[in-house]
Amino acid sequence: MNWRKNILITGGAGFIGSHLVRLMVNKYPSYRIICLDKLTYAGNLKNLTDVENAPNYAFVKADIVDANAVETVFNEYQITDVIHLAAESHVDRSIEGPMEFVMTNVVGTVNLLQKAKDFWKGDHHVFHHVSTDEVYGSLGNEGLFTEETAYDPRSPYSASKASSDHFVNAFYHTYGLPIKISNCSNNYGSHHFPEKLIPLMINNIVHKKPLPVYGKGENVRDWLWVNDHASAIDTIFHKGRIGESYNVGGLNEWTNIDLVRHLCRLLDNKLNRRAGESEELITFVTDRAGHDLRYAIDATKIEKELGWKPSITFEEGLEKTVDWYLENTAWVDEITSGSYRNYYEKMYQNR
Ligand code: NAD
Ligand code: DAU
């Protein structure tokens with residue numbers, strides 16, 4: 001088959017990556033989608049079972065830090081484009097051990113950039129780097145992050161992502177590599193690893209375990225449904241301008257404590273529990289070191305220039321998410337029975 005494009009999606013077995021792979025495989029049968037993933041604790045081939053037999057899908061287990069492995073994939077699949085999501089993604093883990101974040105998020109990204117620069121000749125290629133709003137630092141009570149906001153990363157995770165963004169831009173300015181960057185706010189949805197706030201709280205509410213809210217729960221995040229992030233990446237990849245960054249967000253700010261209370265109510269209802277029962281599980285614990293107060297995105301550029309906007313409300317998205325977790329207990333149980341237990345004990349016992 002003569003594929004129109006051979007698109008390498010790194011980190012495709014993770015949370016956001018698996019939603020993007022599914023979207024691209026189903027929407028573009030003339031593209032071949034090559035999913036490259038190291039399958040760390042966060043990568044899971046069960047996230048991709050519904051596309052694993054598609055004729056335009058291939059999976060490669062590899063580490064983006066391994067330059068030889070990256071080279072082999074480019075040669076074997078004649079890669080025309082990259083959508084790069086592979087990363088260490090959890091802020092709390094970056095506080096415990098920053099070096100893994102430097103290796104994957106910085107060194108791994110530069111490896112991919114080098115290969116794309118050497119491999120691609122002529123136009124019609126895209127290197128789309130998927131990044132985060134955390135590169136902008138922390139907001140006070142007012143204001144929004146725009147594409148012009150100065151970078152001010154404050155956690156080892158955000159410092160590594162900011163560094164990777166800088167390298168991506170450097171390859172554009174120095175070598176003319178055709179790059180695009182997207183900086184997105186907090187995602188939620190199905191297949192979300194239960195170390196992150198929303199799936200962790202759903203899982204703990206279901207099992208009547210304490211709900212660990214950091215500090216006073218006053219920190220604010222802007223939540224976007226993961227499928228809407230995938231559709232934003234698709235839009236930017238196809239229609240965004242080369243050399244540009246696009247902010248992606250839901251205009252949907254919640255304090256953590258309000259969000260956790262909302263989840264408690266939703267689940268009390270779905271599990272036929274007494275009103276207020278799950279809220280009794282809320283436990284305020286020691287705050288995250290250097291905890292950013294507030295993230296909020298101004299998504300005017302992608303909305304006006306590319307015509308993208310979120311497709312559903314937070315209430316709808318959250319209900320779909322909760323339903324998915326209640327219906328997919330095998331997925332959750334498998335993840336939470338292994339090394340997750342050690343992680344959970346280390347992070348939350350005596351906190
Ligand atoms: P995730 O942790 O769920 O998945 C990361 C994936 O990358 C996993 O499948 C993992 O196996 C793979 N991976 C890790 N190290 C690798 C390596 N060295 N080589 C190859 N594969 C490797 O992360 P996510 O939440 O899906 O985030 C995906 C991307 O989107 C990341 O770059 C993240 O910074 C960015 N992002 C995430 C959010 C969010 O809310 N989750 C928001 C904005 C941006
Ligand atoms: O903003 C985009 C970023 O969102 C992404 O780049 C990251 O990859 C992603 O992990 C996410 O980072 P956060 O640190 O905002 O997400 P997390 O789910 O870890 O935490 C959300 C908020 O909830 C944060 O203020 C910390 C708080 N929290 C988190 C956990 C896990 C708690 O209060 N208790 C918890 O147990």
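Tabulated data for the structure shown
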{"read-out": "Residue within region 121-128 that is within 12 Å of ligand 1 (Cβ to nearest atom), surrounded by 15 or more Cβ atoms within 10 Å (Cβ to Cβ) and not in a helix (DSSP H, G or I) present", "value": "yes"}
{"read-out": "Lone qualifier among Asp118, Asp92, Asp133 - being among the acidic types (Asp, Glu), at pLDDT 95 or above and farther than 27 Å from Ala299 by Cα", "value": "Asp118"}
{"read-out": "Some residue of region 74-81 being open to solvent by less than 10 Å² (accessible area, probe 1.4 Å), within 16 Å of ligand 2 (Cβ to nearest atom) and modelled with pLDDT of 95 or more", "value": "no"}
{"read-out": "Residues satisfying the stated conditions in region 213-236, i.e. part of a strand (DSSP E or B) and open to solvent by less than 10 Å² (accessible area, probe 1.4 Å)", "value": "Val213, Asp222, Leu224"}
{"read-out": "Scan of region 192-212 for residues that are within 7 Å of ligand 2 (Cβ to nearest atom) and either open to solvent by 30 Å² or more (accessible area, probe 1.4 Å) or free of Cβ contacts under 8 Å to residues at least 24 places away in the same chain (or both), ordered by number", "value": "Lys196, Leu197, Leu200"}
{"read-out": "Residues of region 26-35 satisfying the condition of being closer than 10 Å to Asn56 by Cβ and either in contact with a Lys or Arg (Cβ under 9 Å, 6 or more places away or on another chain) or buried (at least 24 other Cβ atoms within 10 Å of the Cβ) (or both)", "value": "Tyr28, Ser30, Tyr31, Arg32, Ile33, Ile34"}
{"read-out": "All strands (runs of 3 or more DSSP E) inside region 237-351 with 3 or more residues being over 30 Å from Val82 (Cβ atoms) and in contact with a Cys (Cβ under 9 Å, 6 or more places away or on another chain)", "value": "none"}
{"read-out": "Tally of residues being surrounded by fewer than 14 Cβ atoms within 10 Å (Cβ to Cβ) and small (Gly, Ala, Ser) across region 266-325", "value": "6"}
{"read-out": "Cross-chain or 6+ apart pairs with Cβ under 6 Å, region 51-64 first and of a type outside the set (Phe, Trp, Tyr), then within 15 Å of ligand 1 (Cβ to nearest atom) and open to solvent by 60 Å² or more (accessible area, probe 1.4 Å)", "value": "Asp63/Lys38"}
{"read-out": "Set Ser164, Ser190: member being out of contact with any Leu (no Cβ under 7 Å at 6 or more places or on another chain), of a type outside the set (A, V, I, L, M) and in a loop (DSSP other than H, G, I, E, B)", "value": "Ser190"}
{"read-out": "Residue tally, condition open to solvent by 10 Å² or more (accessible area, probe 1.4 Å), under 30 Å from Lys5 (Cβ atoms) and within 9 Å of ligand 1 (Cβ to nearest atom), over region 83-106", "value": "7"}
{"read-out": "Whichever residue in region 162-191 is within 9 Å of ligand 2 (Cβ to nearest atom) and within 18 Å of Arg93 (Cβ to Cβ) and, among such residues, is surrounded by the most Cβ atoms within 10 Å (Cβ to Cβ)", "value": "Asn187"}
{"read-out": "Residue within region 40-49 that is under 16 Å from the mean Cα position of the chain (by Cα) and either free of Cβ contacts under 8 Å to residues at least 24 places away in the same chain or within 17 Å of Leu112 (Cβ to Cβ) (or both) present", "value": "yes"}
{"read-out": "Sole residue being touching an Asp or Glu at 6+ places or on another chain (Cβ under 9 Å) and over 30 Å from Arg288 (Cα atoms), chosen from Val82, Val70, Val51, Val21", "value": "Val70"}
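The values are calculated or read from the model by the stated rules, or taken from the named source; none is laboratory data. Everything numeric in this text was worked out from a predicted model, so none of it was measured. Positions of Cβ are generated from backbone atoms using ideal geometry, with glycine treated the same way; all protein chains shown enter the neighbour counts. Quick note on the areas: whole protein, heavy atoms, side chains included, nothing else; ligands and nucleic acids left out. Shrake-Rupley method; radii C 1.70, N 1.55, O 1.52, S 1.80 Å.
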